[in-house]
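Have a look at the structure below, then the notes.
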Amino acid sequence: MNKRALLLKLAQDIRASYWFIPANLVLFAILLAYASEWLDRNAEILPYQLPESLIDTQVDGARSTLSTIATSVIGVTGVMFSMTMVAVSFAAGNYGPRLIGNFMRNRGNQISLGILIATFVYALLILRSVQDPSESGGIEAFVPQYSMLLAMLGCLIAVFTMIYFVHHVPETINVSNITAELGLRLETEIKAVIDVEDARGPRGAVPCPDRDPDHLITLNAAGYIRTLNYQQVEKLTDRDDRTLRIDQQPGDFVSTFTPVMSVWSRAALSDEDIAELRDCYALGTSKTEHQNVLFLVDELVEVLARALSPGVNDPFTAINCLNWMKNALDAAQHHGEGLGKTGAGKHALGPRITYDMLFRRSFLASKPYTDTDELTKAHYHKLVAELERSE
């Protein structure tokens, strides 16, 4: 069975997770600790030795230094984790819970947490290798000098990481940066859709027979469609004189009994055929921007709506959202051949995005909220007039 849709969904989940990069950095720290300890025990293989002043740490000094590094770094890590949770809670409450994924995917947060935890683990593992002759039954004292230097270097990196993180967290919850990031990603996705369509060339829709479908495929599960393997659907369409029509696209919510695909086939579908068609879909508990450009539009509209709510009353954030929406619509009109009247899509069988669709999901969806504030309303009509003149 083809499980590519499920694998793509898992890859997206891992990318959005907060643990993947820190976990890998911890594994790297464990390997580095064992490698550096081995190097210290076999230092004679090195082509040259470091100056004596750098490798003269004694047992008590090594233990004290490594203990201080491990204790301080794990303490700072706890503070950083608390700052992240506060930032996520603040963003979810003020800008919308759907933006939590953006903070969890932030590479700066993930790498910062990973560096600090990895430094703690490395210092702890090197600490256990320090040997005191009075405690080791006649064995000579052993201080991993090169490992100590790496631990000190890791401590310095952790200090600069902490400085970066303290600067980075306020930047991530700055509403101007949030709307700009959403707007730039939306513009990039629209341009990518247009570029793929221009490269592929015009292709007409696959005609469906003028009768009811022979089979309706359901997924026997409920949730939002997160991933759809269009390449596999295209392969299955060309097999066995079969016609397929995709009825539900990424971003749509389906119930256990919602038909997601219609099939016209002369031969009856086997259980294996149905399983292959179901494997083209992967479900999740929420929408994401993967294969769903309009989700970015919805996020901008949500930020605008919350900015104009009575509890926030921030018209300038709403105006900023409108500006980025207009920027995306300008790209839809003028980049390459534009979306055109029939729209464009990344996949031949995938959803086609039209200019009217983008306008409805962005400006028309925002209109009820902009009408409640005179400043935002005036800017709304100004941008709409500019878009009409540029058509």
Listed residues GLN248, GLN12, GLN49, most fluctuating in the chain (Gaussian network, C-alpha, under 10 Å):
GLN49
Grab the Cα-Cα distance for ASP238 and TYR164, subtract it from 0.36 nm times how many residues apart they are, and report the gain in nm with one decimal.
21.3 nm
Percentage, to the nearest whole number, of Cα pairs in the chain over 32 Å apart:
54 percent
Using the Karplus curve 6.51 cos²θ - 1.76 cosθ + 1.60 with θ = phi - 60°, what ³J(HN,Hα) values do you get for each residue of region 149-162, in whole Hz, with x for Gly and Pro?
5, 5, 5, 5, 5, x, 5, 5, 4, 5, 5, 5, 5, 4
Taking a quarter of the surface of the convex hull around the Cα atoms of region 215-361, what do you get in nm²?
10.6 nm²
List, in order, the whole-Hz ³J(HN,Hα) value for each residue of region 170-175 obtained from phi through the Karplus relation with A = 6.51, B = -1.76, C = 1.60 and θ = phi - 60°; use x for Gly and Pro.
x, 5, 6, 9, 6, 5
Filter the trypsin sites (Lys or Arg not before Pro) in region 262-330 to those in DSSP coil with at most 16 other Cβ atoms within 10 Å of their Cβ, and list the result.
ARG266
Given the options GLY183, GLY345, GLY61, which has the most mean-square fluctuation in a GNM of the chain, springs set between C-alpha atoms less than 10 angstrom apart?
GLY61
Just to be sure I understand: with springs between alpha-carbon atoms less than 10 Å apart, which residue in ASN220, ASN229, ASN42 has the highest mean-square fluctuation in the Gaussian network model of the chain?
ASN42
Expected 222 nm ellipticity per residue - DSSP helices of 4 or more, -39500 (n - 2.57), all of the chain, to 500
-20000 deg cm²/dmol
Restricting to lysine pairs 8 or more places apart or on different chains, what number in the chain have Cα atoms under 25 Å apart?
25
Label-to-label distance, nm, for residues given as ARG266 and ARG360 (7 Å Cα→Cβ offset)
3.9 nm
Give the Rg/Rh ratio for region 304-343, taking Rg as the radius of gyration of the Cα atoms and Rh as the Kirkwood radius, to two decimals.
1.24
Full extension between GLU374 and ILE45 adds, at 0.36 nm per residue less the Cα distance, a length in nm of 110.9 nm
Could you tell me, in Å, what Rg and Dmax come out for the Cα atoms of region 1-129?
20.0, 63
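Computed from the coordinates by the stated procedures, all read-outs in this text should not be read as laboratory data. Note that the coordinates shown come from a computational prediction; the quantities given were computed from them, not determined experimentally. FYI the Cβ positions are ideal-geometry reconstructions off the backbone, even for glycines, and counts take in every protein chain you see.
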